[in-house]
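See below for the structure under consideration.
The values are calculated or read from the model by the stated rules, or taken from the named source; none is laboratory data. The structure displayed is predicted, hence computed values, not measured ones. Here the Cβ is made from the backbone with ideal geometry for all residues, glycine too, and neighbour counts use every protein chain on show.
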């Protein structure tokens, strides 16, 4: 009878030892899946940001292309330029794109775009600036 009890004790210990790696492996797998889902969500968020940013650039740079088409109002353009600056300040991934966009917008709305451009360049590390703006 003692032998059966010893064997049962050994089996119980082995079950605990074998179960621990399975538990750790399961936890690791769950953590890995959670990390992948988080990364997918970040990519989706960045894609959405880029879409909104592109829409703002269209408004900021809009001009009538055919006779009779209404032009975008000055207030809408100025607000879009401010929005580009704000998105560039808030989201590091958009900063180089915002700087480049504001630089281009300075060609026809310098009085509005240049202060935003200067502020964004000043608040950005030199390594994060687009190459044409670093100098």
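Observations on the structure shown:
- Filter pass, residue 117 being modelled with pLDDT under 90 and in a helix (DSSP H, G or I): no
- Qualifying residue in the stretch 64-83 (condition: assigned to a helix (DSSP H, G or I), farther than 16 Å from residue 113 by Cβ and at pLDDT 80 or above): no
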